[in-house]
Structures are given as C-alpha cells and as structure tokens.
Amino acid sequence: MSRSILVTGGAGYIGSHTVLQLLLGGYKVVVVDKLDNSSEIAIKRVQELAGEHGSNLTFHEIDLRDKPAVEKLFVSEKFEAVIHVAGLKAVGESVQKPLLYYDNNLIGMIVLLEVMAAHGCKKLVFSSSATVYGWPKVVPCTEESPISATNPYGRTKSDSTWKIILLRYFNPVGAHPSGHIGEDPRGIPNNLIPFIQQVAVGRRPALTVYGTDYKTTDGTGVRDYIHVVDLADGHIAALKKLADPSVGCEVYNLGSGKGTSVLEMVAAFEKASGKKIPLVMADRRPGDAEIVYAETEKAERELNWKAKYGIQEFCRDQWNWATKNPYGYEPQAP
Ligand code: NAD
Ligand code: WQD
C-alpha cells in the first residue's frame, strides 16, 4: 500500500513540524497550503532538515476551496491518509469576520472530504482544538467533557460526524530543536509564547498579562502547553491507529496533562533567554477560561503516545528559534 500522506496546511507552524516527523518516519508527503499565514521557506527548511528523506516531500500552493485543483491532486496520486491541518485560527479575527472563518475552515474541509470520498481515501486525521471545551467546569478535560464552541472559530472545529481521528490540541509551543522551523505569526501575535518571544527579541516593549484575579496559584490563567514536536509525533501515532480496522471516529486530547500559569511561563522564558520580560498587568481577556488542561490517559493508552518535553524544553527551543530567526522566515524587519 502507498505510504503517501497528504498534509493540508503543511507550511504552517504545526504542519511543518508534522511533515518533518513524517518524512523522518519514512513517509512520502504531499503538502497543500495557500501560504496564507506561512512561508514556502518553511517547506525548504523541512526538506533540508529531513536530509536524505527531503526528496520525499512535494509542495503545491493550493487553496483547499479550489475543488478542481484538489481533484487534480487526487487524480495524480493515491493517498493512504490525509492529515488536515489547514485552517484559520485567530479567535479574535473569527469574531470580527465569522463568514471568513466558516468559508475557509468549513468549505475547505467539505471540498477535501468530497474529493477524498470520490477517490476512496477515507482515513483522516483532523486538527481539532481544546477551544471546543470552552471554559471547562471540571479539569482535567477528558474527551467526554462537554464541548461548547464559544466563538465562530471554535464552531468550525467541533463536527465529529465523519469516521476520522480528531486530535484536540491544547496549547502548542516551542520549535524544532534545530531552530530552523518554528512559529511565525503574521501581525501582532494572539498567543502567549509568540508574544513573549517578540518582547524578548525587542520587537515589542512589554507583555500584557490578561487577568491577575483568576482562582489560580498566582492569579493568572492556567493552560496546558505542549511542545510542537511532541504534537507532531502525536499525528504519526494517530496515523498508525487509523490502520486499526476497529477505529471509527475517535477523539484524542493531545496535551501534556500539566497546567502552567502565565507568570510561570514568563519566569521560565526569562531563565532560558536571559532576557527580562517587562509586564503590564491588565484585565481579563474576554472569552478566556481560567484553567484548561488535558486528561491524556486515552492518548497514552490507545495511541501509545505521551508528551516527552516540558517547560524548560519549550522555552529553550522557542528561544533558539527566536535568536536564529528574530523576524521569523523574513530576513529582516518587515
Ligand atoms: P498556521 O496558521 O501556522 O498553519 C495553518 C496553515 O493552513 C497555514 O499555512 C495556512 O496558509 C493554511 N491554510 C489555511 N487555510 C487554508 C486553505 N483554505 N487552503 C490551504 N491552506 C490553508 O496554524 P497552526 O498553528 O499550525 O495551526 C494548524 C491547525 O491546528 C489549524 O487548523 C488550527 O485551527 C489548529 N490548532 C492550532 C492551535 C494553536 O494554538 N496553534 C491549537 C489547536 C488547534
Ligand atoms: C494563553 C494564556 C491568556 C496572550 C488559544 C485559542 C485556542 C488554541 C490555542 C487554536 C491565557 C494569556 C495570552 C497575551 C496573556 N488555538 N495571555 N497575554 O487562549 O489558551 O488558546 O490558542 O485552536 O483555540 O483560544 O492561548 O496563548 O492566547 O493564551 O496574558 O498577550 O496566556 O490570557 O491565560 P489560549 P493563548
């Protein structure tokens, strides 16, 4: 059987790390990406990092909503499975432009599923998100916890009617230990770690801490951060699981199972970088939950996967990526 895997969104942060782990695992990988929030340089770097496996990667700049282009791809190649990572993911923007999010994330997925079905490719790993747990009443979040999409972005991530593996990522952080691929958000970063990174390299003056009155040890929000390489490995584990004939539609949390506060993350980043991160204490960010972290037992048991890296490694690798690429994939300040 062909071991060719289609990765949508493979030029992005999570996609690029997943593609690298797939190549190193001996898979042939085809990436489609419209380079909306990413750069083709990431693809080139993945090819380099994969060494002798680099030639097993091909890239197509395609918008998934372009059905004839997706169709053409499936005519030219038989895929064993699809890892569907492509999507818009900025919560704030999704509230401002809900139709853009429904159009991109839902139409893109519908086109993909239609073409897959037409070509008899019915194995799918989907990038879902811990965002579907909303503000959980009970932590850790298990796969059975009630889901509540509190924003348009979240609603595009909660459809579980297909026979697929849904991976609910918690908060991906860090970068490949080489420092050659990492997260390169366009514009002002929404997420904590990219923001801290930009403060540390002098691109922004201070980190705004959203909320200091949560019922947590230091009053700041608690999240489950997971190293992006661990997350990438979780996709390989999911692909292997898809080979099990008993699998219908399964959901797995991909998290570390540990909660870390904003201030704990700042302290660890300061230690790893040797830089002081100036802080501005502010009100809570609308829509934010207090404490979110994963129960990881199901993934450990059924996928035989567990996060290996902790906060020291997140910060070390994030800082290594930042110092080598202070402006991401751009050579200098835009
Ligand atoms: P990213 O923006 O770095 O990567 C997403 C990629 O998808 C980009 O390269 C973008 O160009 C591409 N893309 C978007 N729409 C497309 C379309 N219609 N056709 C082709 N390509 C398209 O984001 P990421 O952090 O790597 O996230 C990847 C996925 O994981 C997303 O689906 C996101 O919703 C999900 N997710 C991310 C996080 C997170 O915190 N980063 C957490 C949970 C889930
Ligand atoms: C983490 C903590 C903030 C920025 C989001 C999406 C979720 C998922 C992951 C895609 C919170 C605090 C943040 C800042 C801060 N993505 N913070 N100052 O909100 O857990 O999840 O990304 O699916 O859907 O909602 O992650 O990194 O934005 O925030 O104090 O400048 O850091 O309040 O406590 P979040 P985050």
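Beyond 21 Å, what percent of the Cα pairs of the stretch 116-207 remain?
Pairs farther apart than 21 Å: 52 percent.
Any chance you could list P(r) for the stretch 216-334, counting all Cα-Cα pairs in 5 angstrom bins from zero, rounded to whole %?
2, 10, 15, 17, 16, 16, 12, 7, 4, 1, 0
Taking the chain as the reference, fit the longest principal axis to its C-alpha atoms, fit the long axis of helix 40-49 to the helix C-alpha atoms, and give the angle between the two in degrees, 0 to 90, nearest 10.
For 40-49 against the chain, the angle is about 80 degrees.
Give the Rg/Rh ratio for the stretch 1-149, taking Rg as the radius of gyration of the Cα atoms and Rh as the Kirkwood radius, to two decimals.
Radius of gyration relative to Kirkwood radius: 0.99.
Give the average over all directions of the projected area of the C-alpha convex hull of the chain, one decimal, in nm².
Here the figure is 15.9 nm², rounded to one decimal.
Quick check: net charge around ASP33, other residues with Cβ under 10 Å of its Cβ, Lys/Arg +1 and Asp/Glu -1?
So the environment of ASP33 carries a net charge of -3.
Using a 1.4 Å probe on the protein chains only, how many percent of the accessible area of the stretch 173-278 belongs to carbon and sulfur?
On the stretch 173-278, the fraction of accessible area on carbon and sulfur atoms equals 51 percent.
Using the Kirkwood radius built from alpha carbon pairs, what does the Stokes-Einstein equation give as D for the stretch 1-60 at 25 °C and 0.890 mPa s, in µm² per second?
Here the translational diffusion coefficient equals 224 µm²/s.
Mind checking the angle between helix 228-242 and the chain's longest principal axis? C-alpha axes, 0 to 90 degrees, to the nearest 10.
Helix 228-242 and the main axis of the chain meet at about 30 degrees.
What FRET efficiency do you get for GLU77 and GLU300 if R0 is 45 Å and r is their Cβ-Cβ distance, rounded to the nearest 0.05?
The formula returns an efficiency of 0.85 here.
Just from its helices, what would the mean residue ellipticity at 222 nm be for the chain, if runs of 4 or more DSSP H residues each count -39500 (n - 2.57) and the sum is divided by every residue, rounded to the nearest 500 deg cm²/dmol?
-9500 deg cm²/dmol
Which loop trypsin sites (Lys or Arg not before Pro) in the stretch 214-273, with loop taken from DSSP, have no more than 13 other Cβ atoms within 10 angstrom of their Cβ?
Passing both the DSSP loop test and the Cβ count: LYS215.
Looking only at the stretch 195-218, which residues have a backbone nitrogen under 19 Å from a spot 7 Å from the Cα of ILE188 in the C-beta direction?
195-212
Could you identify which residue out of VAL139, VAL222, VAL75 has the top mean-square fluctuation in a GNM of the chain using Cα springs shorter than 10 Å?
Of VAL139, VAL222, VAL75, the Gaussian network model singles out VAL75 as fluctuating most.
If Lys and Arg each add +1 and Asp and Glu each add -1, what is the summed charge of the other residues whose beta carbon sits under 12 Å from the beta carbon of ILE277?
Around ILE277, the charge tally is +3.
The values are calculated or read from the model by the stated rules, or taken from the named source; none is laboratory data. Please read these numbers as outputs of a predicted model, since none were measured by experiment. Every residue, glycine among them, receives a Cβ derived from its backbone with ideal geometry; neighbour counts consider all protein chains shown. Protein only, heavy atoms only, side chains kept; ligands, DNA and RNA dropped before computing areas. Shrake-Rupley method; radii C 1.70, N 1.55, O 1.52, S 1.80 Å.
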